[in-house]
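Encoded as structure tokens, the structure appears first; notes follow it.
Bear in mind these aren't lab numbers, they're just calculated from the coordinates by the rules spelled out. What you are looking at is a predicted structure, and each value in this text was computed from that prediction instead of being measured. When we count neighbours, we look across all protein chains shown, and the Cβ atoms used for this are built from the backbone with ideal geometry, even at glycine.
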Amino acid sequence: MEPVRDYELKAFFTHVIEVLESLGIPYMVVGGFAAILYGEPRLTIDVDIVVDMKPRDIGLFVKAFPIPEYYISEEGIRDSLQRRYPFNVIQPATGAKVDLVPLPPDQFTQAAFQRRQRLTYDQAGRSATFITAEDIIVAKLVAHRETESDKHLRDVRGVLVTQWGEIDLGGVARSAKASGVLEQFEKILAAVQAEIEE
């Protein structure tokens, strides 16, 4: 199967966001999709969204994605909310996938969720609620520590370069220290600073 096309993923993402907003489910776009919005373009094959979904929301959420046009499991979502692990909605025709993560209880994600902000994400002027640039840097550093995937470090560099002068570096440093990733942040920051000052 061919990889999902960028416009197909964006269209599916837009539909998921519209469903979340119409049902009043608080959410925050995170992961590669958020890093690309703040930073440099790269291919991403899915979208990650943190959701503060309650059991009462599940029925109407599932109804918005009729099978076979979409793949979704009501039972899977109930289990996901109870045990706090991600669930997904897939559009089989395009291969587009959105991963939804029940709002984790950790201090960093809870604080990031409170700081989330509305941003325009396409030329049509559509907007959604995203993690902040500062918080995506820390989230990506934590993801790198857990997975050792260099794409997370490339995303951090991309956000720092693109948002240079706009980011609260002191706030990032404090948050990075609390999350145990300060050393890695300082290393990338020094490299980006040297690059910009060249």
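For the reader, a short list of remarks on this structure follows.
- Dmax and Rg, reported as Rg then Dmax, of the range 1-82 (C-alpha, Å): 13.7, 38
- Taken over the range 112-155, the ratio of Cα radius of gyration to 2.2 N^0.38 Å equals 1.37.
- Residue separation of Tyr71 and Gln193 scaled by 0.36 nm, minus their Cα-Cα distance, works out to 39.4 nm of gained length.
- Under the combined filter of DSSP loop state and at most 12 neighbouring Cβ atoms within 10 Å, the range 1-86 retains these trypsin sites (Lys or Arg not before Pro): Arg5, Arg42, Arg84.
- A straight chain from Lys177 to Val161 at 0.36 nm per residue would run longer than the Cα-Cα distance by 3.7 nm.
- Cα-Cα over 25 Å, subset of Lys97/Lys187; Lys54/Lys140; Lys54/Lys97; Lys63/Lys151; Lys63/Lys140: Lys97/Lys187; Lys54/Lys140; Lys63/Lys151; Lys63/Lys140
- Amide H contacts for Ala96 (H built 1.01 Å from N in the peptide plane; partners 5 or more residues away or on another chain; cut-off under 5 Å): Gln91.
- Over the chain, equivalent-ellipsoid semi-axes from the Cα gyration tensor in Å: 30, 19, 15
- Of the three principal axes defined by the Cα atoms of the range 133-197, the extents in descending order read 31, 22, 18 Å.
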